[in-house]
Amino acid sequence: QVQLVESGGGLVQAGGSLRLSCAASGLSFSSYTMAWFRQAPGKEREFVLGISWSFDATTYADSVKGRFTLSRDNAKNTMYLQMNSLKPEDTAVYYCAASKRWDRVTDYLAYDYWGQGTQVTVSS
């Protein structure tokens, strides 16, 4: 059974940094497209960035390019979202997700598995 568990959210001032974690069980990162999405109150779920380690490909939303990066720890089967230079508009619940598809990496409907989300709040 696949399970994704996010952690690391919190309250941070604008310009600060946070690192989110997504601990996975029941799947191998090399077999899935992994992504982060976010959802602010009253807004649709928004793609943040996605990665395919098997294709060696990463794609970012324009709004986070140059500020957010992904990494992973194979031993822990955990991926990390490093968020720097945070802005108030980054405030949202952040979700990690897994999909068997890369061609629809930005489409949240293409994802089979989701974590429960972690709240990120950036104060101005």
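The values are calculated or read from the model by the stated rules, or taken from the named source; none is laboratory data. Because the structure is a prediction, the values reported are computed rather than measured. Every residue, glycine as well, gets a Cβ built from its backbone with ideal geometry; the counts of neighbours run over all protein chains shown. Ligands, DNA and RNA are excluded from the accessible area calculation, which covers all protein heavy atoms including side chains. Shrake-Rupley method; radii C 1.70, N 1.55, O 1.52, S 1.80 Å.
What are the radius of gyration and Dmax of the chain, computed over its Cα atoms and given in Å?
13.4, 40
Hey, what did the stretch 27-84 get for relative contact order, percent, Cα under 8 Å, at least 6 apart? Don't skip to the end; give the middle numbers.
Details: 71 pairs, mean separation 13.6, N = 58.
The normalised contact order for the stretch 27-84 reaches 23 percent.
Normalised radius of gyration for the stretch 1-68, please: alpha carbon Rg relative to 2.2 N^0.38 Å, two decimal places. The partial results should precede the final answer.
Numbers: Rg = 13.5 Å, N = 68, 2.2 N^0.38 = 10.9 Å.
Output field value: 1.24.
Separation of the stretch 42-74 and the stretch 1-33 by C-alpha centroid, Å?
11 Å
Tell me, in nm to one decimal, what length is gained between N77 and R101 on full extension, where the rule is 0.36 nm per residue of separation less the Cα-Cα distance? Write out the running numbers ahead of the final one.
Details: separation 24, 0.36 × 24 = 8.64 nm, distance 1.96 nm.
Here the segment from N77 to R101 would lengthen by 6.7 nm.
Report in % the part of the accessible area of the chain that belongs to carbon and sulfur, leaving out ligands and nucleic acids; probe 1.4 Å. Let's see the in-between values first.
Working: 2810 of 6300 Å².
C and S fraction of accessible area: 45 percent.
Could you report the chain's accessible area per residue, 1.4 Å probe, as an integer in Å²? Don't jump to the answer; show the numbers that get you there.
Values: 6300 Å² over 124 residues.
Spelled out: the 1.4 Å probe surface of the chain, per residue, equals 51 Å².
Please tell me the relative contact order of the stretch 1-115 in percent, rounded to the nearest whole number, where contacts are Cα pairs under 8 Å and at least six residues apart.
Once divided by the residue count of the stretch 1-115, the mean separation gives 34 percent.
For a protection proxy built on the mean count of beta-carbon atoms within 10 angstrom, sort 89-97, 103-111, 27-35 highest first, please.
Numbers: 89-97: 20.7, 103-111: 14.9, 27-35: 19.1.
Most protected by this proxy first, the peptides run 89-97, 27-35, 103-111.
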